[in-house]
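Here is the structure we will look at, set down as structure tokens.
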Amino acid sequence: MAFPNLGAYHASKWALKGFTDCLDQEVAAFGIEVRLIEPGGFLTIGRLQHRARSIRISNVSTARLVFLLSNDDERA
């Protein structure tokens, strides 16, 4: 699964998967098995900041802002 704006993250994750699969095959003759552990997501400051930036402004908030800016006496 891939998500927009996370290309570098997905590329590095898939690269590790490919590397692990290749290494597993390369060392199988020696009786060695290679496994990749992929833990789930963690809530971090970066994820919170991304979520905050992606919150949409409601139409009411937008209308209020436009009204306030259009009635600003200092802009004239």
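Conditions (1) modelled with pLDDT under 65; (2) part of a loop (DSSP other than H, G, I, E, B); (3) loosely packed, with under 10 Cβ neighbours inside 10 Å, marked per residue:
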{"site": "Ala2", "(1), (2), (3)": "no, yes, no"}
{"site": "Tyr9", "(1), (2), (3)": "no, no, no"}
{"site": "Trp14", "(1), (2), (3)": "no, no, no"}
{"site": "Thr20", "(1), (2), (3)": "no, no, no"}
{"site": "Glu38", "(1), (2), (3)": "no, yes, yes"}
{"site": "Gly41", "(1), (2), (3)": "no, yes, yes"}
{"site": "Gly46", "(1), (2), (3)": "no, no, yes"}
{"site": "Ala52", "(1), (2), (3)": "yes, no, yes"}
{"site": "Thr62", "(1), (2), (3)": "no, no, no"}
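Residues in region 22-35 that are assigned to a helix (DSSP H, G or I), surrounded by 12 or more Cβ atoms within 10 Å (Cβ to Cβ) and of a type outside the set (Asp, Glu): 2 in all.
The values are calculated or read from the model by the stated rules, or taken from the named source; none is laboratory data. Since the model is a prediction, treat every value here as computed from it, not as a measurement. In this analysis, Cβ positions are derived from the backbone assuming ideal geometry, glycine residues included, and neighbour counts consider all displayed protein chains.
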